[in-house]
Every structure is written in C-alpha cells, then in structure tokens.
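Reading through the structure tokens given below for one structure.
Just so it is clear, none of the values below were taken in a lab; they were calculated from the coordinates. Worth saying up front: this structure is predicted, and the values here are computed from it rather than measured. Using ideal geometry, Cβ is built from the backbone for each residue, glycine included, and neighbour counts are taken over all protein chains shown.
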Amino acid sequence: MIIKEYINLNSGQLHVAKAGESGPRIVLLHESPLSNRMYFDVMTKISTWGQVLAPDTPGYGQSTPLTSAATLSDYASELIQGIRAWSNGEKVVVGGIHTGASLSVEIANQAPDLCEGLFLIGLPTYTEEMRASRIKDYAPSIEIKEDGSHVMWAWERYRAMWPTAPLSHIQLATSDLIYNLERYNWAYLQAFKYRAEEKIKNVTCPILMTAAEGEFLFEGTKQLAHFEGHEFFGFPGVDWQGQVSLRNPSDLDQAMKNFIQSI
C-alpha cells in the first residue's frame, strides 16, 4: 500500500509517498514538471522487497515551493532534509529520471554519507549549444488564459513529446504541469544549467547509469557512463522520452533490485 504524508522542512513541507516496511531503502526522484505519481506502479513492486520514498520536488506536486531563483543545489538541500527524516540515519539508494537524476547526483555531492548508491535514468548531459537552446526555448512561462488554451498547450506539449504514450500518461503529465503552471519551469531551467557531467566526478558511491533506448538522452548517458567508468543499462522497448516508471515498471523494478543486490 502507498502511504502519502508530509515531512516538515525548514522552508515548508515536503509531500511524499512511501511504501514497504522492510529491506533496503530507496528514494525515487521525479522529472520536471511532474510529481511522485509517476512512480506509484513501480513503488508497489519495490515494496515487496524494499522500502521506498518518492518525494514531490519542492514546488511540484503538493510540496511547498522554493523561489524562482532557487538552484538545483537548493532543491537538493531540501530533499536531503526530507530523506534524512525518513531514513532514520540509514543509508539510501537514490534514483531519479532526468531532473531527478541530476538531483540524485547533487544529493550525493552534498550528502555522501547518506548515499549507498545512485540509480540514474536519462541523466541530462548537454553541449553548450543544447544547453543554451533549452534555457531559451524549452520551458517558456505560460499564463492562464480565459479560453483555457493554456490547458490545451500543456496537452499538446505532451502529445508531441510522448507520441506513443497511452492517453492516461498524457493526462497524468498534463494535470501535473497545470497544477503548478505558474512555476512549472523553475526546476526545468535550473536543471538545464546544472552540469551533471562535472558533478558526477565527485560521487564516491556505486552508480548505475541507465536510459530508455528510444529517448534523446540515451547516447549522452551511455557515453558519460563509459567515460567515467560506470555500469550502463539500456531499457528496451521505450520509444518516447524515457518514462520507464510509467511504461516499464516491471523492468525498472528488476533493474533496481539487481543493482541493489550488487552493491
């Protein structure tokens, strides 16, 4: 069973979902601008052999927002508070998709004593040209419109990004974006600025780098894993932007279990 609750932080509250009563502790961090809902299917599977926590990143889902100027380091600091409160001093394996992968790297940089391992899915790695383009064009600010066209903008955005996704997944992503429309791009923009390829050099715990074979971050993640000497695993059969937690929860569950057993 998935339990939802709030953890009090210095700056507000962290909304979390948790499952499982025994076994290794796993933290799952979502991509921008979604919420912990994207992990519910895989959390149910993990709960049969481990304990899992999935926070809403500050400002997303139902967690208290930071400010528009907050950096990815600031987001990670808030998450570390929540993770420590949940783990009771035990080490955790931190995993995440896209922004969540970058946050995992930053958490390992700030709190190496907390991290037993990192499980990264589609770690953002960009050329300078890609970085500048993403910051400029990928996540523009959107205003609420009287005719509701902002809702259709979000729907069409995910229809284009996830062309073969079930409509239920499009609905989940659209509703998460709309729920925090005024700040949906805050962590996005900070994630584009974050240089994960540099920060990962400081991580001392074991790392498994993964990506869905059909996603645009596949090659960059694979190349970085090879360059830094980390194990890499490609999730087969996912032909859109890498939401393996939604599309392939059984594969993700097994991959995480295999990784944890290996460390």
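Observations on the model:
- The modelled label-to-label distance for the pair Ala132/Trp153, using points 7 Å beyond Cα in the direction of Cβ, is 2.5 nm.
- Candidate cross-link partners of Lys201 among the lysines, defined by an alpha-carbon separation under 21 Å and a same-chain spacing of 8 or more, comprise Lys91, Lys193, Lys222.
- Relative contact order computed over the range 1-160 (Cα-Cα under 8 Å; 6+ residues apart), in percent: 20
- Here each label is just a point 7 Å from Cα along the line to Cβ, and for Arg84 and Gln254 those points are 3.8 nm apart.
- Remark: the Glu219-Gln13 segment gains 70.5 nm on full extension, using 0.36 nm per residue and subtracting the alpha carbon distance.
- As a rough guide to protection, the peptides 72-84, 13-25 ranked by mean Cβ packing within 10 Å, highest first, stand as 72-84, 13-25.
- When only Cα pairs below 8 angstrom with a gap of at least 6 residues are kept, the range 136-242 shows a relative contact order of 25 percent.
- For the chain, the calculated P(r), taken from all Cα-Cα distances in 5 Å bins from zero up to the bin holding the longest distance, is 1, 6, 14, 19, 21, 19, 12, 6, 2, 0, 0 percent.
- Per principal axis, descending, Cα span of the range 198-263 in whole Å: 31, 27, 15
- Three-way shape label, the range 135-198, alpha-carbon gyration tensor, a/c 1.5: oblate
- Residues in the range 114-156 that a label on Ser68 would reach, taking backbone N under 11 Å of a point 7 Å out along Cα→Cβ: 141-142
- Cα gyration tensor category, rounded, prolate or oblate, for the range 70-175 with a/c compared to 1.5: prolate
- Rg/Rh (Cα only; Kirkwood hydrodynamic radius) as it applies to the range 109-263: 0.99
- Relative contact order of the range 130-192, taken over Cα pairs closer than 8 Å and 6 or more residues apart, is 46 percent.
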